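Notes follow once the structure below has been shown.
Nothing in this text is a laboratory measurement; each read-out follows from the coordinates by a stated rule. Remember, it's a predicted structure, so these values are computed and weren't measured experimentally. Cβ: placed from backbone, ideal geometry, glycine included. Neighbour counts: every protein chain shown.
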């Protein structure tokens, strides 16, 4: 699955276009390296998102195409 779509499905970022723009600006790191929106993600990868002065780091536990709002927390865990 593409990184921008995963960020939207997992609800780490609310909209796919915002996730795409964050990747283009270099604010999303995948396993410690700046990632493009089209980068593939898999279970075990670590995503870090830089929001201004704060950053969010999460490990991918599962990759699903669609998920209900209640199940989105099960796709990742914060580090």
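Whenever a residue of region 22-34 is without any contact (Cβ under 8 Å) to a residue 12 or more places away in the chain, its partners that are assigned to a loop (DSSP other than H, G, I, E, B), lying with C-beta atoms within less than 8 angstrom and at least six residues away or across chains, give the pairs 34/26.
Look through region 14-28, keep the residues that are out of contact with any strand residue (DSSP E or B) (no Cβ under 6 Å at 6 or more places or on another chain) and within 16 Å of residue 41 (Cβ to Cβ), and return whichever of them is surrounded by the fewest Cβ atoms within 10 Å (Cβ to Cβ).
We begin by selecting, within region 14-28, every residue out of contact with any strand residue (DSSP E or B) (no Cβ under 6 Å at 6 or more places or on another chain); these are 14-21, 23-25.
This time we only want the ones that are within 16 Å of residue 41 (Cβ to Cβ), so: 16, 19-20, 23.
Values: 16: 16, 19: 24, 20: 21, 23: 24.
Within region 14-28, the match that is surrounded by the fewest Cβ atoms within 10 Å (Cβ to Cβ) is 16.
On the basis of being loosely packed, with under 14 Cβ neighbours inside 10 Å and either in contact (Cβ under 8 Å) with a residue 24 or more places away in the chain or under 9 Å from the mean Cα position of the chain (by Cα) (or both), does residue 48 make the cut? No, not satisfied.
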